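See structure below.
The values are calculated or read from the model by the stated rules, or taken from the named source; none is laboratory data. Predicted model only: the values in this text are computed from it and were never measured. All Cβ positions, even for glycine, are placed from backbone atoms using ideal geometry, and neighbour counts span all protein chains on display.
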Amino acid sequence: MGRVEERLLEASAAADPYLTKIAQHLLLAGGKRFRPLLALLAAEIADGGDRRPVEAGVAVELIHVGSLYHDDVIDESDVRRGGSSANANWSNSVAILAGDFLMARASETAATHLSQESVRLLAVTYAELVEGQTRELQLAGDLTHTIDEYNRVIGGKTASLVRTSACLGAMASDASEDVVERLSTWAWEVGMVFQIADDALDLVADERTIGKPAGSDIAEGAFTAPVLHAAAGPDGARIRELLGGGMPYERSAVDEVIALVRDGGYIERSLRGAALRLEAADSALSALPDVEARRVLERLGGYLLDQVEAARR
């Protein structure tokens, strides 16, 4: 991971110091580095290989961070990772260009150090990210869309890149097709859990924990699984009354919706669905070599849900 951090700064450096400063703004702000960690762990299951797994981790993180620049412009967000977003610090135009630059460097990294299939997979994944984000925008403010539609959104915008992270790491260490496929299945399910847990945190954690105000998803009209469950339940009429007038929503309305979702047990319902996904993920890992990296992956999904429980306490 130390080498990943070094390579992220190397890959995000531009000939123009001004662009370098903006492109590295979010990289230097920190982050979980969840996706490169998955690439490295997947590579360890197939004996680790050479430097290529590091480059795989760099490529997926550059795609991820580049997409965050675009997300903040789309969401008109002023805060990211506990600090100012790039668009708030500079401008929307500059933030978009910095995001484009990071994604271009992701493609360059893959083309230089990885396989042609890796380059293709990154391109397909970025298309999936865009489709997921576009679908989310189409559904903004719509309390009537289904859980299946919600799953399609988070599959595109989150799980697709998590899956690709594990796949690229495994491919970079010359893993067999069976190992790549099992890691792909595991990572897809855990990627879905990652987003479900993140959506739950938005409803139970404070701003210090998640780096943005609680209920930000609701305020932006992005209704996640617990809210959709609540809107279809006994509290649905009140929720539609609070959120039916269109954005922007009053802070008091957002707070009341959060209280209804918490008190109605809808967060627990969403997390039960996530736990079932973890069972499918663990099943995919069961035939892989019994090495330490596999045991880390087996614990990872539970850790994501534990974070939600810790925030609730």
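Annotations for the structure displayed:
- Of the residues Asp142, Asp178, the single one that is within 24 Å of Ile267 (Cα to Cα) and among the acidic types (Asp, Glu) is Asp142.
- Scan of the range 27-59 for residues that are over 30 Å from Ala95 (Cβ atoms) and among the basic types (Lys, Arg), ordered by number: Arg51, Arg52
- Note on the range 99-114: among residues that are in contact with a Gly (Cβ under 8 Å, 6 or more places away or on another chain) and touching a residue at least 40 places away in the same chain (Cβ under 8 Å), the one that is surrounded by the fewest Cβ atoms within 10 Å (Cβ to Cβ) is Phe101.
- Any hit, the range 37-60, residues being farther than 30 Å from Ala287 by Cβ, surrounded by fewer than 24 Cβ atoms within 10 Å (Cβ to Cβ), aliphatic (A, V, I, L, M) and touching a helix residue (DSSP H, G or I) at 6+ places or on another chain (Cβ under 6 Å): no
- Any hit, the range 51-72, residues being acidic (Asp, Glu), over 15 Å from the mean Cα position of the chain (by Cα) and closer than 24 Å to Gln116 by Cα: yes
- First in the range 286-313 and among the aromatic types (Phe, Trp, Tyr), second anywhere and part of a loop (DSSP other than H, G, I, E, B), Cβ under 9 Å, 6 or more apart: none
- Number of positions in the range 8-49 that are part of a helix (DSSP H, G or I) and touching a residue at least 60 places away in the same chain (Cβ under 8 Å): 17
- Any hit, the range 260-282, residues being surrounded by 20 or more Cβ atoms within 10 Å (Cβ to Cβ) and farther than 22 Å from Glu149 by Cβ: yes
- Counting residues in the range 161-179 that are over 20 Å from Glu279 (Cα atoms), modelled with pLDDT of 95 or more, of a type in the set (Gly, Ala, Ser) and surrounded by fewer than 22 Cβ atoms within 10 Å (Cβ to Cβ) gives zero.
- Single match in Ser115, Ser91, Ser84 (criterion: out of contact with any helix residue (DSSP H, G or I) (no Cβ under 9 Å at 6 or more places or on another chain) and either among the charged types (D, E, K, R) or over 25 Å from Arg135 (Cβ atoms) (or both)): Ser91
- Under the condition of being basic (Lys, Arg) and within 20 Å of Leu41 (Cα to Cα), the residues counted in the range 1-30 number 2.
- So Asp202, is it touching a Gly at 6+ places or on another chain (Cβ under 9 Å), at pLDDT below 95, charged (D, E, K, R) and not in a loop (DSSP other than H, G, I, E, B): yes
- Residues (of a type in the set (A, V, I, L, M) and in contact with an Asp or Glu (Cβ under 8 Å, 6 or more places away or on another chain)) located in the range 48-96: Ala86, Ala88, Ala95
- Criterion applied to Pro234, Pro289, Pro213, Pro248 was being at pLDDT 90 or above, part of a loop (DSSP other than H, G, I, E, B) and surrounded by fewer than 18 Cβ atoms within 10 Å (Cβ to Cβ), and the one residue passing it is Pro234.
- Against the numbered list (1) surrounded by fewer than 18 Cβ atoms within 10 Å (Cβ to Cβ); (2) touching a helix residue (DSSP H, G or I) at 6+ places or on another chain (Cβ under 9 Å); (3) more than 18 Å from Gly2 (Cβ to Cβ), Leu28 comes up short only at (3).
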